[in-house]
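**Student:** My questions all concern the structure below.
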Amino acid sequence: MSNLEELRSAVRGRVLLPGDDGFEPATQPWNLAVRQPSAAGVVEAADAEDVAALVRYARRAGVAVAAQPGGHGASGAVEGAVLLRTRLLDEVRIDPAARTARVGAGVQWGRVQEEASRHGLTGLPGSSPVVSVTGYTLGGGLSWFSRAHGWAADSVTAFEVVDADGASARVTAESDPELFWALRGGGGDYALVTATEFRLHPAPALYGGQMLWPAARSREVLDAYRTVTAAAPDELTVWAGLLNFPGAEPVVAVHATYLGEGAGDAGAESLRPFDAIEGRMDDNRAVLPLSELGTIIDEPTDPSPGSGRAELLTAVDDTVIDALLAEPIAPLIGVQFRQLGGALSRPSDSPHGALAEPYLLYLFGVPFSPEVAAAIPARRDALVKALGPYVTGRKPFTYLGAGESPAAAFGAESLARLRAVKRDRDPQGVFRSNFPVGEDTGQG
């Protein structure tokens, strides 16, 4: 590995190299179960010009740059690469008249929602307010509101980037259609994004929340879930699944959002089949401010360990429900169905294209000990195997896990096109995404 001492004078931002105090903590991504001490260095860029200076240095030194705004999707495959942190690229501009936002590469979704909601507008965030807008969007971005508005990447109008030569550019569908296409969901393998511009959407009202029942009601809840999702309007998105937290009784949960006019009444009416199920332990559904979207799932907002796997499903029927309920889910703490369909099933000029599958299955565990860490993959594999042909093998790019390949996220034609963009724009491999499109592990 090259001696990177010159990196300290090549950029203005903070630089940490192996042996420096604080180096290993600085390499740690948001997911504490992923370790990255093999990185060659960590740079916290001062601004977009600093990002360009880093790229020019990396090109000369023959090292790769791996951008991780927060590290939610980190795979750990950063050996010999310089980790780029973009926390200081934190500008947010909302144009309420044009219904657009421009955000720096360090901005998290919670801040966008806070500022856009003041104008009755929303972006297309996921379930967590602390996920970076840029990383999420480069992976496509599956939102609570994607059934109404498609992939988050579909709303992007421009990227501000630094290319593999260290030059800055503004990329649009008109200025550079191939790179624009690749960045709208194909990952960050082709250029470093320093800012993203995207359309915002009207948000007249948001209704949503959580319902919980004892696990003994699981079949009734999941039967109601398939009934509700089969007739759901695009404004409604419903997730349901089993939760098994250590030290607590297992429960079955439903989480939902409805975005649109009259959301309170329309959302409650759409979810009425759940009201007939007795024994409900909790129901906090309400009309919510857009800035409180993250409270619906209430995921941790501080770094924490986790091990997840996602699969796309062709249906949720008796066979699928039987397989899920056949045995306790432990050592997993969550097995969840996430509703897709709507606009996601319609054409999209992005690497993912349309999603034919109406549901995503997400299986999640926390590796509290080495024994649990070893047992989690086995339990996930057994559940997936039990679902047989209902599992298509495809999954969204941002749901890829360690050892999985972009070939699981993209069709053969899209993957070949992405690889061509990579060869053309970054032949020296200056950029390394969490799941490089030029590599195939043979898994997933």
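The values are calculated or read from the model by the stated rules, or taken from the named source; none is laboratory data. Just so it is clear, the model here is predicted, and its values are computed rather than measured. Cβ atoms come from the backbone with ideal geometry, glycine included; neighbour counts cover every protein chain shown.
**Student:** Just give me the residues in the stretch 227-276 being in contact with a strand residue (DSSP E or B) (Cβ under 8 Å, 6 or more places away or on another chain) and under 15 Å from residue 204 (Cα atoms), in sequence order.
**Tutor:** Matches in the stretch 227-276: 235, 236, 257, 258, 259, 263, 264, 266, 267.
**Student:** How many residues are at negative phi and not in a helix (DSSP H, G or I) if we restrict to the stretch 316-343?
**Tutor:** 17
**Student:** Just a yes or no: is a residue in the stretch 293-313 of a type in the set (Ser, Thr, Tyr), free of Cβ contacts under 8 Å to residues at least 60 places away in the same chain and surrounded by 14 or more Cβ atoms within 10 Å (Cβ to Cβ)? Spell out how you get there, then give the answer.
**Tutor:** Within the stretch 293-313, the first condition is being of a type in the set (Ser, Thr, Tyr), and the residues that meet it are 295, 301, 304, 307.
Now drop any that are not free of Cβ contacts under 8 Å to residues at least 60 places away in the same chain, which leaves 295.
Narrowing the set further to residues that are surrounded by 14 or more Cβ atoms within 10 Å (Cβ to Cβ) leaves 295.
The answer is yes, given that some residue of the stretch 293-313 is of a type in the set (Ser, Thr, Tyr), free of Cβ contacts under 8 Å to residues at least 60 places away in the same chain and surrounded by 14 or more Cβ atoms within 10 Å (Cβ to Cβ).
**Student:** Of the residues in the stretch 386-406, how many are surrounded by fewer than 20 Cβ atoms within 10 Å (Cβ to Cβ), touching a helix residue (DSSP H, G or I) at 6+ places or on another chain (Cβ under 7 Å) and assigned to a helix (DSSP H, G or I)?
**Tutor:** Residues in the stretch 386-406 being surrounded by fewer than 20 Cβ atoms within 10 Å (Cβ to Cβ), touching a helix residue (DSSP H, G or I) at 6+ places or on another chain (Cβ under 7 Å) and assigned to a helix (DSSP H, G or I): 2 in total.
**Student:** Does residue 257 fit the bill of being among the hydroxyl-bearing types (Ser, Thr, Tyr) and surrounded by fewer than 20 Cβ atoms within 10 Å (Cβ to Cβ)? Let's see the steps before the verdict.
**Tutor:** On the way: among the hydroxyl-bearing types (Ser, Thr, Tyr): yes; surrounded by fewer than 20 Cβ atoms within 10 Å (Cβ to Cβ): no.
Against the criterion (among the hydroxyl-bearing types (Ser, Thr, Tyr) and surrounded by fewer than 20 Cβ atoms within 10 Å (Cβ to Cβ)), residue 257 does not qualify.
**Student:** I want to confirm something. Restricting to the stretch 104-123 and keeping residues that are within 18 Å of residue 296 (Cα to Cα), in contact (Cβ under 8 Å) with a residue 24 or more places away in the chain and in contact with a strand residue (DSSP E or B) (Cβ under 7 Å, 6 or more places away or on another chain), which single residue is surrounded by the most Cβ atoms within 10 Å (Cβ to Cβ)?
**Tutor:** Step one: list which residues in the stretch 104-123 are within 18 Å of residue 296 (Cα to Cα), which gives 108-114, 117, 122-123.
The next check asks that each one be in contact (Cβ under 8 Å) with a residue 24 or more places away in the chain; those that pass are 108-110, 113-114, 117, 122-123.
Within this subset, residues satisfying the condition of being in contact with a strand residue (DSSP E or B) (Cβ under 7 Å, 6 or more places away or on another chain) are 108, 113, 122-123.
Details: 108: 25, 113: 21, 122: 24, 123: 29.
It comes out as 123.
**Student:** Picking from 249, 292, which residue would you name as being in the same structural domain as residue 365 (by TED's automatic domain parsing) and either more than 20 Å from the chain's Cα centre (by Cα) or part of a loop (DSSP other than H, G, I, E, B) (or both)?
**Tutor:** When all the criteria are applied, what remains is 249.
**Student:** Assuming residue 421 fulfils every condition listed in (1) in contact with a Phe, Trp or Tyr (Cβ under 8 Å, 6 or more places away or on another chain); (2) β-branched (Val, Ile, Thr); (3) under 24 Å from residue 306 (Cβ atoms) apart from one, which condition is it?
**Tutor:** Here residue 421 meets the rest and fails (3).
**Student:** Another question, then. Quick test for you: out of 53, 58, 46, pick the one residue that is in contact with a Gly (Cβ under 8 Å, 6 or more places away or on another chain), assigned to a helix (DSSP H, G or I), under 28 Å from residue 425 (Cα atoms) and not assigned by TED's automatic domain parsing to the domain that holds residue 301.
**Tutor:** None of the others qualify; the one that does is 53.
**Student:** Within the bounds of the stretch 372-385, is there any residue that is within 26 Å of residue 148 (Cα to Cα), modelled with pLDDT of 95 or more and either in contact with a Pro (Cβ under 8 Å, 6 or more places away or on another chain) or in a helix (DSSP H, G or I) (or both)? Lay out the reasoning, then the answer.
**Tutor:** Quick first cut of the stretch 372-385, residues within 26 Å of residue 148 (Cα to Cα) only: none.
Within the stretch 372-385, none of the residues are within 26 Å of residue 148 (Cα to Cα), modelled with pLDDT of 95 or more and either in contact with a Pro (Cβ under 8 Å, 6 or more places away or on another chain) or in a helix (DSSP H, G or I) (or both).
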